[in-house]
Amino acid sequence: MKKLTILFALLTLSVGLWAETVSYLDPVYNNPTDVTKGIKEWKNATADATPITSSSFTWGAAGITTWLVVDNGVTLSQRVTCNGDVRLILANNVTLRATKGITVSGQGNSLTIYAQSTDAQMGKLAAGGAGGAAGIGGDDGRSGSNITINGGNIVPTGGDQAAGIGGGYKGSGSNITINGGTITAVGGSGAAGIGGGMEGSSSNIFVTTSLQVKADDNYPPTTVIENNGNDLADKLAGKKCVTIKDPLPDAKTAAIEAVNAEIAETDNDNVKAIATDATTAINDATSVAEVNALKNLAIANIASAKAAYTAGDAAGYARGLEEGKAAGLAEAAAALPTDPEGTTGHTVTITKGDKTLRLINPDSVEYDEQD
């Protein structure tokens, strides 16, 4: 009991007292025992997390899982140390700046980062390594490992000869998994963007197949690597700058633009409704494949609806001609005078018995005016 009390006290002092229920996006793997099989979907989840403050330099405690949240902009002026299983949630539209970086090193210690969205609102973590320490990972001369990024805009920069994510100077980088978010990792001179520091090795680096990876010895990167689900250590080792981006937000934007282009010259509300429903479904999609399938279905449905509308419009036009013709005749008949007064020309009245016929302006009618 005394040990637990001490751990709780340490945690309270390092990150604050009051926890709050916070939402985040959690990956569901195709194969829970093998992350290299990729992400099946993302689900909404919640956790009771403690807000990080500007004096939160020690995260978690050995042997336990600690949930933390960045719900306001925070700048940390000292290097942060992760103990135990640390789970960090980046709330939308906030930035955490760890100016001296974050240490994730040693057996039993890990860091998992989550976001609340996949678009431009997702929270940001900027971590700069000091001296020979990695932006996120090992200190000077130490290895960095057990780092998982599930989302967020992550910008780690290694210190002198240290990796952006991974090992410090002469330290290795291993067991690094990136499932989501946008990550721009820059290594110090002679170090990898993601992987080992200078003279360090890289292993077990995995980026899910839904992400695109760019890597180069220089900044900005120029070579695009399409990840096929295999270990990326060989491709990333020694690359100074690595940018990893989730293509889902861009795919959603392109799909919605394509759908809206199909209704640009349409004034039919039923056709427009298809595009509105498709936009909602596309925004809720969790993969590029799903986005493209919804886009293609919407475009096909819009084409069918427009064809039906055009055919119906043609039929309506033809029907309108007949109705208009009949209406015109009726209007013309109604406009004819029924009384000779006020008319020009002459009027002929023919009476036979109790029947009377008036002919108004009968100039084109041949008749005999006789009893």
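Taken together, the values in this text are just the output of simple stated rules run on the coordinates, not laboratory data. Keep in mind the model is a prediction, meaning the values are calculated, not measured. Glycine gets a Cβ as well: all are built from the backbone with ideal geometry, and neighbour counts include every protein chain shown.
From zero outward in steps of 10 Å, how is the percent of C-alpha pairs of region 49-195 spread across the bins?
Result returned by the calculation: 15, 48, 34, 3.
By what distance, in whole Å, do the Cα atoms of region 94-163 stretch along each of the three principal axes, largest value first?
Cα extents, longest axis first: 36, 25, 14 Å.
State the percent of C-alpha pairs, over all pairs in region 234-305, separated by a distance greater than 21 angstrom.
36 percent
Cα gyration tensor of region 91-132, axes a ≥ b ≥ c as square roots of the eigenvalues: rounded (a/c below 1.5), prolate (a/b > b/c) or oblate?
Oblate.
May I ask you to compute the full-extension gain from Gln107 to Ser55, defined as 0.36 nm times their residue separation minus their alpha-carbon distance, rounded to one decimal in nm?
This chain segment gains 16.2 nm when fully extended.
By how many nm would the segment from Glu20 to Asp267 lengthen if fully extended, with 0.36 nm per residue of separation less the alpha-carbon distance?
Length difference between fully extended and current span is 84.1 nm.
Give the long-range amide H neighbours of Leu76: residues separated by 5 or more places, or on another chain, with amide H under 5 Å away, using H modelled in the peptide plane at 1.01 Å from N.
Distant-sequence amide H within range of Leu76: Arg97, Ala98, Thr99.
Among the listed pairs Lys40/Lys170; Lys245/Lys295; Lys214/Lys252, which have their C-alpha atoms separated by more than 29 angstrom in this model?
The answer is Lys40/Lys170.
Add +1 for every Lys or Arg and -1 for every Asp or Glu among the other residues with Cβ under 14 Å from the Cβ of Thr286, and state the total.
-3
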